[in-house]
Amino acid sequence: MEKPKLQIFNSMSKQKEDFKPIEEGKVGMYVCGVTPYDFSHIGHARAYVAFDVLHRYLKYLGYEVKYVRNFTDIDDKIIKRANEKGEDPLSLSKRFSEEFLYDMAELNCLPPTHEPRVSDHIDQIKDMIIKILENGHAYTIEGDVYFSVDTYPDYYCLSGRKSDDNRAGGGGRVVVDSRKRNPADFALWKAAKLGEPSWESPWGPGRPGWHIECSAMSAHHLGDYFDIHGGGKDLMFPHHENEIAQSRSACPQSKVNFWMHNGFVNRDNQKMSKSDNNFFTIRDIITIYHPLALRFFLLRTHYRSDVNYSDKALDTASDRVFYMYQTLHECEIALSPFRSENFKGQVPADVKEQIEKFHTEYLSSMSDDLHTTTALDDLVDLLKSINGTLKKFKGKKQQQPLILSLLALEKEVKDFLDSLGLLSLSTVSEVLQQLKDKALKRAGFTEEEVQQKIEERNLARKNKEYEKSDLIREELYLKGISLMDEPKGTIWRPSEPPEKKSEENVDTLIDKPIS
């Protein structure tokens, strides 16, 4: 089957373009990483899940991907937090870098090829600053080095801003300094201050400015000309605008073919961010929801659009993930006696046609700027087909066509989930149990207490106390636990509870975020 041409929305041209790598069969991709001074919030998860999907899909298309994602491990925010805690800044950033990597593993994000840290690339940063100075695009003042935006005519080429839109470089990391030639000029090197980490340089002891770090690290690991540079849309200005100016001022041939930016996670329609203290950390969420539910929730919205956080959306995502894994679990049980047999023959034509149609639509959706929402919607038909085949499977003597159908459907579903990072490294049954454990935590029940409720209900039904049995069932349903009466007895499963008026799950079950 011929794969459609991948199209990516390029923030530079403001339109979708056919993706063609610089080097045939290979892709170089740089994504701006975290400044690790605290636990990462779900806005970070939004970015790194989005670019993990891109990473996975490029690999799926057969590309060899060199994926670089950095740590800004020395920064004003890190120094401020370290001083508050009486901790060495590099020690604090290293600790939170490890916490971030744990969160990424929980969210099933593939590790990048390289994860450079600023503190390990000081020489490359100084070398780039020297080139910018030599080319006449920067100046020094008392140990500080500033980039001169007036010397770079293409400034604002990415963001499309005008000079009067710029407030001292923007982004909250540029201090107004009357010594600067232009208020928009930004720091390449900051002179050392008492009690701050510093390195020797031709301009005296100090440390890098924020923007120069990514220019130097991307050039070091990917060269001056590479395929994709990504990050949150809040980085478009000033961070990525400044990166372009610096990189081209150091090396006029510097170029990125595609600039990509993901949307925000909003809470109450306001961007979720640490600075506004309106955020939930990834760790907060995965304490009470399965990490795959958070990943599914993020993939339900196109990566360039903002997504609004709510408990209801997480409950829905959790319910969908449970349905996917419950379907796979029942399929595995049905197929388990036949796994060792070498089944030959053709998959029934109708099932083969359905799988080919799904696969074609999957490729079409993903190649159209990664439309994960459409791809996830299309999956429902395959899951329904598995469940329909399982019903036919019971009691059938001539089972080979059904077995071949289930094997083919199962493979397609698992391949699809794997391509989106929704296939866990745990077994299907382990994921189901994990989802049930999280549901119990949200409901405030233990497994034993639910079983006790089931026994109470069974007794009420036996005594024809139907109103009481209905109340027990309703009580559990309101907490996100559904009871199902089956021939072998009553079982329970997590379910999507009725819509709540407030975000009581997270607000009552987790500690408030660190300010």
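Here are a few things to note about the model shown:
- Between the amide H of ALA138 and those of SER148, distances stay under 5 Å, these residues lying 5 or more places away or on another chain, with hydrogens modeled in the peptide plane.
- Site pair GLN15 and ALA349 shows an inter-label distance of 4.4 nm when each label is modelled 7 Å from Cα along Cα→Cβ.
- Region 1-65 - percent of accessible surface contributed by carbon and sulfur, probe 1.4 Å: 45
- In a reduced charge model with +1 at each Lys and Arg Cβ and -1 at each Asp and Glu Cβ, the chain shows a dipole moment near 820 debye about its Cα centre.
- Electrostatic dipole magnitude of region 297-415 [Cβ: Lys, Arg +1; Asp, Glu -1; Cα centre; debye, to 20]: 700
- Förster radius 51 Å - calculated FRET efficiency between ASN266 and GLN399 (Cβ-Cβ, nearest 0.05): 0.50
- The residues of region 303-434 expose on average 47 square angstrom of accessible surface per residue, using a 1.4 Å probe on protein heavy atoms.
- In degrees, nearest ten, helix 372-393 long axis to first principal axis of the chain (Cα): 20
- Within straight-line reach of LYS131, meaning a Cα separation under 23 Å, sit the following lysines at least 8 residues removed in sequence or on another chain: LYS180, LYS190, LYS255.
- Assigned charges on the beta-carbon of Lys, Arg, Asp, Glu; region 81-137 dipole about Cα centre (debye): 160
- Order by protection proxy (mean Cβ within 10 Å, highest first), peptides 151-163, 63-75: 63-75, 151-163
- Among (i) 127; (ii) 166; (iii) 156, the entry that matches volume of the Cα convex hull per residue in Å³ as calculated here: (ii)
- Each DSSP beta bridge with both residues in the chain is either parallel or antiparallel, and the antiparallel ones are about 55%.
- Among the listed pairs LYS20/LYS414; LYS233/LYS384; LYS344/LYS391; LYS344/LYS414; LYS464/LYS488; LYS357/LYS394, those beyond 30 Å (Cα-Cα): LYS233/LYS384
- Only beta bridges with both residues in region 121-275 are counted; by DSSP, about 65 percent of them are antiparallel.
- Global geometry of region 394-442, whether rounded, prolate or oblate, following the gyration tensor of its Cα atoms and the 1.5 cut on a/c: oblate
- One chain, two ends: ASP276 and VAL380. Fully extended at 0.36 nm per residue, the span grows by 33.6 nm beyond their Cα-Cα distance.
- 3J(HN,Hα) along region 332-343: 4, 4, 5, 8, 3, x, 10, 4, 7, 7, 9, 7 Hz, from the Karplus curve 6.51 cos²θ - 1.76 cosθ + 1.60 with θ = phi - 60°, whole Hz, x for Gly and Pro.
- Burial ranking of peptide ranges 309-316, 33-40 (average Cβ count within 10 Å, highest at the top): 33-40, 309-316
- Mean sequence separation of contacting Cα pairs (under 8 Å, at least six apart), scaled by the length of the chain, corresponds to a relative contact order of 16 percent.
- Global geometry of region 35-85, whether rounded, prolate or oblate, following the gyration tensor of its Cα atoms and the 1.5 cut on a/c: prolate
- Between TYR477 and SER426, the simple spin-label model (points 7 angstrom out along Cα→Cβ) gives 2.8 nm.
- GLY230 long-range amide H proximity, modeled H, under 5 Å: TYR30, VAL31, CYS32, MET260
- Partner lysines whose Cα lies under 22 Å from the Cα of LYS479, excluding those fewer than 8 positions away in the same chain, are identified as LYS312, LYS436, LYS438, LYS441, LYS453, LYS468, LYS500, LYS501.
- Selection from SER419, SER364, GLN346, by position along the positive dipole direction of the chain (Cβ): GLN346
- Our helix-only sum for the chain, with -39,500 (n - 2.57) per DSSP H run of n ≥ 4 divided by its residues, gives a mean residue ellipticity at 222 nm of -15000 deg cm²/dmol.
- Restriction of the GluC sites (Glu not before Pro) in region 339-397 to DSSP coil positions whose beta-carbon has at most 11 other beta-carbons within 10 angstrom yields GLU341.
- Angle between the chain longest axis and helix 349-367 axis [Cα atoms, degrees, rounded to 10]: 20
- 5 angstrom amide H check on LYS26, placed H, neighbours 5+ away: GLU64
- Each residue of region 414-431 was assigned a 3J(HN,Hα) from its phi angle through the Karplus curve 6.51 cos²θ - 1.76 cosθ + 1.60 (θ = phi - 60°); the sequence is 5, 4, 5, 4, 5, 5, 9, x, 9, 9, 6, 6, 6, 6, 4, 5, 5, 5 Hz, with glycine and proline shown as x.
- Spin-label model, LEU335 to GLN7: label points 7 Å out along the Cα-to-beta-carbon direction sit 3.5 nm apart.
- Helix 89-106 vs. the chain, principal-axis angle (Cα, 0 to 90°, nearest 10): 30
- Applied to region 132-149, the Karplus parametrisation 6.51 cos²θ - 1.76 cosθ + 1.60 on θ = phi - 60° returns per-residue 3J(HN,Hα) values of 5, 5, 4, 8, x, 10, 8, 8, 10, 9, 6, x, 8, 10, 10, 7, 9, 5 Hz, with x for Gly and Pro.
- Computed on region 276-321, with alpha-carbon pairs under 8 angstrom and 6+ residues apart, the relative contact order is 44 percent.
- Computed from the Cβ-Cβ distance with R0 of 35 Å, the FRET efficiency linking ASN83 to THR446 stands at 0.20.
The values are calculated or read from the model by the stated rules, or taken from the named source; none is laboratory data. The model shown is predicted, which means the values in this text are computed figures rather than measured ones. Counting neighbours? That spans all protein chains shown, and the Cβs are built from the backbone with ideal geometry, glycine included. Surface accessibility is based on the protein's heavy atoms, side chains included, excluding ligands, DNA and RNA. Shrake-Rupley method; radii C 1.70, N 1.55, O 1.52, S 1.80 Å.
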